[in-house]
1. Mind checking which residues of the range 186-204 are surrounded by fewer than 16 Cβ atoms within 10 Å (Cβ to Cβ) and touching a helix residue (DSSP H, G or I) at 6+ places or on another chain (Cβ under 7 Å)?
2. How many residues, within the range 189-207, are small (Gly, Ala, Ser), part of a helix (DSSP H, G or I) and touching a Phe, Trp or Tyr at 6+ places or on another chain (Cβ under 9 Å)?
3. Being modelled with pLDDT under 95, among the hydrophobic types (A, V, I, L, M, F, W, C), not assigned by TED's automatic domain parsing to the domain that holds Leu248 and not in a helix (DSSP H, G or I), is that true of even one residue in the range 296-311?
4. Kindly indicate the residue of the range 133-154 that is more than 19 Å from the chain's Cα centre (by Cα) and at pLDDT 90 or above and also surrounded by the most Cβ atoms within 10 Å (Cβ to Cβ) among those meeting that condition.
5. Which residues, counting only those in the range 208-250, are modelled with pLDDT of 95 or more and assigned to a helix (DSSP H, G or I)?
6. Suppose we keep only residues that are in contact with a Lys or Arg (Cβ under 9 Å, 6 or more places away or on another chain) and charged (D, E, K, R) within the range 21-46. Which one would you say is nearest to Ala60 (Cα to Cα)?
7. Given Ala161, Ala110, Ala117, which one is more than 28 Å from Val240 (Cα to Cα) and modelled with pLDDT of 95 or more?
Amino acid sequence: MELRQLRYFVRIVEAGSMSRAALDLDLVQSALSQQISRLEGELATRLLQRTPQGVTPTEAGLAFFREAKLTLRHAEQAVRAAQQARLSGSVSIGLAPTTSALLGLPLMQAMRARYPAVRLHMVEGMSGHLASMLRVRELDLAVLFGHRPDATELRQPAAGAGAGWQVQPLMEEELFLIRSAAGAPLPQALDIAALAGEPLIVPTGPHGLRSTLDGVFARARFTPNVVLEVDSLAMVMAAVDAGLGATLQPWAALGRYPDAAQRFRWARLDVPDARRINLLCSLAEEELPPAALAARGVLRDCLRTLVAEGRWAGALLIGD
């Protein structure tokens, strides 16, 4: 006897009709009838009385119906108990400031809604710092940045770490020139020549975004006019807001400013390879607790939703 046979029988009794039950269950009526005949044969008793008006349970069928419903309810409770037991514990996730500006709150809300028993530990920091935390197992997951989706260097195991990290490409982000609203108007897009003489506020060398920008500049044989190097997104945007210079960032840098349209101007950098690659990095599969595996799926779902709804401008999903 199988659970599906119990479900079929219960639905037939509730519908009072083999044809209606077959329609509800998305089955061919002959296949449904065959399953019930098999069930009656296994029990060696008639469960349903077939009439031109439909079907009604026999006395044995009525008794079986009550117990079948109870069994199905217990089966559903067993599934829920197993899921709740599996999806408890804790998970630590690291996000860079630009990423957390758009992804942080939706991720926390989704985890609370789907897995309320999981304790979530969120860390915001520069990608290099997050990579170090992941390397020493202070994080389970982190969204980091690389030059290309395969990010070969991130797949190498850290010293003494055993198995390497799991690296999954998430998305690529276009880069934007962002100025104070007090500055001159900008077109929708600009090429690298338009940056000539532009006073730029950028992160320092080890920063993932700076590495991306240096690569763009080197390939274009362009020397930027860097006036400030700042390793804090909040300070970078404060300096831009104060008119101390412009910055090159993904659009997510504006995510914490509900009044961004009044405070800033921005234009897409129309330059080949002027993209930032986002990578979902985690400990090796066998090292991840069930809560971390669940959080990894929720993170990807949140990202898909943000991009699909147009809430993450300049972003393109990559990978699976």
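1. Thr204
2. At the first step, the residues of the range 189-207 found to be small (Gly, Ala, Ser) are 189, 193-194, 196-197, 205.
Right, trim to part of a helix (DSSP H, G or I) and you get 193-194.
Filter once more, keeping what is touching a Phe, Trp or Tyr at 6+ places or on another chain (Cβ under 9 Å): 193.
Residues meeting the conditions: 1.
3. Scanning the range 296-311 turns up no residue that is modelled with pLDDT under 95, among the hydrophobic types (A, V, I, L, M, F, W, C), not assigned by TED's automatic domain parsing to the domain that holds Leu248 and not in a helix (DSSP H, G or I).
4. Selected residue: Met133.
5. Correct list: Met235, Val236, Met237, Ala238, Ala239, Val240, Asp241.
6. Glu40
7. On the way: Ala161 fails: modelled with pLDDT of 95 or more; Ala117 fails: modelled with pLDDT of 95 or more.
From the options Ala161, Ala110, Ala117, the qualifying one is Ala110.
The values are calculated or read from the model by the stated rules, or taken from the named source; none is laboratory data. Predicted model only: the values in this text are computed from it and were never measured. Note that each Cβ is placed from the backbone with ideal geometry, even for glycine, and that neighbours are counted across all protein chains shown.
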